[in-house]
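The values are calculated or read from the model by the stated rules, or taken from the named source; none is laboratory data. Because the structure is predicted, anything quoted here is derived from the model rather than measured. Note that we place each Cβ from the backbone using ideal geometry, even for glycine, and neighbour counts take in every protein chain shown. Note: accessible area is taken over every heavy atom of the protein model, side chains too, but ligands, DNA and RNA are not part of it. Shrake-Rupley method; radii C 1.70, N 1.55, O 1.52, S 1.80 Å.
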Amino acid sequence: MSTGAQHPGGDTIVALATPHGRSGLGVVRLSGPHALAIAGALFRPRNSQPVHAMPSFTARLGDIVDGDRTVDEALLLVMRAPRSYTREDVAEFSCHGSPVTLRRIEDLCVARGARRAGPGEFTRRAYVNGRMDLAQAEAVYESVPGWHEPLDGITRYADLPGNAKAYVERLERHIGVPVRIVSIGPARHQTLIR
């Protein structure tokens, strides 16, 4: 049960807290007044201690279930309000990183009353609930899209992928000075002069 944190909109949100794509581990995060109840409906701990009885900042190994079917083995971390990132009750499932499994876990949370979080919504709640000031919240929002194109063989700045050039230009705006030399690797021939 929450201990006085504000709940913008009064609802509980869920989202993947790790980058999308294949990985060994994925984290699905719930935050809001029903986070622990939703986690409790889906999680069967190995030690049989129910989620509602877990102290804050504890983790338990168990299974995420859909009825009688096991969806995945997971570690559940409980953080009770107000001592969490959002200052709300938070539950995080650390499980295998299959995108299909992670989406299934999110879907199960939604089916039990959570709403899919919008971009930056956990940080917005942290700001609204006084966990961070505006400057800290803005720093969290700064993100730069990556690029997947190989940089091997590039000898001119103009030939860099668009997102790579956008990243350099963003750095220039942020630090207030032009970037004239860009290194794309450890070898001397991987140094580009603008």
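Using every pair of distinct Cα positions in segment 44-124, the Kirkwood expression returns a hydrodynamic radius of 13.7 angstrom.
Scanning residues 5 or more positions from Ala74 or on other chains, those with amide H under 5 Å from its amide H are Gly62, Asp63, Ile64, with H placed 1.01 Å from N in the peptide plane. Normalising the average separation of contacting C-alpha pairs (under 8 angstrom, six or more residues apart) by the number of residues puts the relative contact order of the chain at 20 percent. Between Gln136 and Ile181, the modelled labels are 3.8 nm apart [label points 7 Å from Cα along Cα→Cβ].
Which residue, His148, His20, His52, has the most motion in a Gaussian network model of the chain that connects Cα atoms within less than 10 Å? It is His148.
Looking at the chain as a GNM with Cα springs under 10 Å, which of Ser23, Ser31, Ser84 has the largest mean-square fluctuation? Taking springs between Cα atoms under 10 Å, the residue moving most is Ser23. Given R0 = 25 Å, the distance between the Cβ atoms of Glu149 and Arg115 translates into a calculated FRET efficiency of 0.10.
Using a cutoff of 8 angstrom between alpha carbon atoms and counting only pairs six or more residues apart, the relative contact order for segment 56-95 works out to 35 percent.
Taking the chain as a Gaussian network of alpha-carbon nodes connected by springs under 10 Å, the highest mean-square fluctuation of the residues Val110, Val182, Val51 belongs to Val182. Neighbours of Glu88 by Cβ distance under 14 Å: Lys/Arg scored +1, Asp/Glu scored -1, total +4. When a 1.4 Å probe is rolled over the protein heavy atoms, the share of accessible surface on the chain that falls to carbon and sulfur comes to 55 percent. Treating only the Cα positions of the chain as identical point scatterers, give the base-10 log of I(q)/I(0) from the Debye formula at each q in 0.12, 0.14 Å⁻¹. Taking Cα atoms of the chain as identical point scatterers yields -0.71, -0.83.
Positive contributions from Lys and Arg (+1) and negative ones from Asp and Glu (-1), summed over other residues with Cβ under 12 Å from the Cβ of Arg125, come out at 0.
Close amide H partners of Met132, meaning residues 5 or more places away or on another chain with modelled amide H under 5 Å apart, are Tyr127.
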